[in-house]
1. Name every residue in the stretch 208-234 that is over 20 Å from ALA182 (Cβ atoms) and not hydroxyl-bearing (Ser, Thr, Tyr), in order of residue number.
2. Got a sec? Which of LEU129, LEU143 is buried (at least 16 other Cβ atoms within 10 Å of the Cβ), under 27 Å from ILE92 (Cα atoms), at pLDDT 95 or above and among the aliphatic types (A, V, I, L, M)?
3. Return the total of residues in the stretch 147-163 being out of contact with any Lys or Arg (no Cβ under 8 Å at 6 or more places or on another chain), open to solvent by 40 Å² or more (accessible area, probe 1.4 Å) and under 15 Å from ASP54 (Cα atoms).
4. Among the residues of the stretch 201-219, write down those that are at pLDDT below 95 and assigned to a loop (DSSP other than H, G, I, E, B).
5. Given (1) open to solvent by less than 60 Å² (accessible area, probe 1.4 Å); (2) of a type outside the set (D, E, K, R); (3) assigned to a helix (DSSP H, G or I); (4) more than 30 Å from LEU177 (Cβ to Cβ), where does MET64 come up short, assuming only one miss?
6. Only one of these is surrounded by 21 or more Cβ atoms within 10 Å (Cβ to Cβ) and over 17 Å from the mean Cα position of the chain (by Cα): VAL73, VAL110, VAL42. Name it.
7. Among the residues of the stretch 228-255 satisfying the criterion of being assigned to a loop (DSSP other than H, G, I, E, B) and hydrophobic (A, V, I, L, M, F, W, C), which is surrounded by the most Cβ atoms within 10 Å (Cβ to Cβ)?
8. Going by the structure shown, is SER96 free of Cβ contacts under 8 Å to residues at least 40 places away in the same chain, under 26 Å from ASP72 (Cβ atoms) and either open to solvent by less than 10 Å² (accessible area, probe 1.4 Å) or in a helix (DSSP H, G or I) (or both)?
Amino acid sequence: MELKDFFIKYPKIALAFSGGVDSSYLLYAAKKYAKECIAYYVNSDFQPEFELDDARKLCAQLGMPLKEIKVDVLSDSKIIQNTSERCYFCKINIFSTILKNARDDGFSVVIDGTNASDDVSDRPGFKALNELKVLSPLRECALTKSEIRKLSKKAGLFTWNKPSYSCLATRQMPCHLITKDALTRTEESENFLFSLGFSNFRVRTLVLENMEECAGIELSKKQYKLFLKYRSEINLELKKHYSKIFVNLEARSEQ
């Protein structure tokens, strides 16, 4: 199936929009082929501010409507307990909210940006999407991440080479309570590394046996030299939030 065929079958759709590579290209395709589409961005404590900025910028670039919805994920005890099912409960919360807003706006079909490269077998969030009957056209049309980047570049979307960025909750250690403070320091720490020119990295919270909370920095291989250049500055800045700073010597895969 081609994306054009999908939108012939479903001409009126609501898009769960993150501002990332996949959902941005899907919004571009919806503008091109769908009769009617509106993008819904869920603004929660799990999303950094730059994601919302990118979502607004992309919608403005395409001339597409964007509806921002506030969801208080930290009020859901099943989410903040941070078990292996956190993503499932979070997706249920977020997509149920999108579905309600979409129905109120006259849309019965909700789509998301899951692509053919995503491993759905080991991600509880996809179970929630199936239960809620959210459709994933990129996956249905067998479009992989690399293909979507190429198509996005051709379409002139600034998101074409945007690094993948999972939500801030993924930086917290499993089964340790997720708090607003923990999410804030993660966002501030990662924003600082962004400002130094880093990309494709993570700043994770590591909890030692004595309950000390430390930062675990993950970098791609090509950015270790940049880390050495700014080691002192990074140490000074992150020590505002963490007792110790560690660097993972196993490099992140290139994106």
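The values are calculated or read from the model by the stated rules, or taken from the named source; none is laboratory data. Predicted, not measured: the structure shown is a model, and the values here were computed from it. Please note: Cβ atoms are built from the backbone with ideal geometry, for glycine as well, and neighbour counts cover all protein chains shown. To get the accessible areas, we keep the full protein, side chains included, count just its heavy atoms, and leave off ligands, DNA and RNA. Shrake-Rupley method; radii C 1.70, N 1.55, O 1.52, S 1.80 Å.
1. The answer is LEU219, LYS221, LYS222, GLN223, LYS225, LEU226, PHE227, LEU228, LYS229, ARG231, GLU233.
2. LEU143
3. Residues meeting the conditions: 2.
4. Passing the criteria: LEU208, GLU209, ASN210, MET211, GLU212.
5. It is condition (3) that MET64 fails.
6. VAL110
7. Here the residue is ALA251.
8. It is true that SER96 is free of Cβ contacts under 8 Å to residues at least 40 places away in the same chain, under 26 Å from ASP72 (Cβ atoms) and either open to solvent by less than 10 Å² (accessible area, probe 1.4 Å) or in a helix (DSSP H, G or I) (or both).
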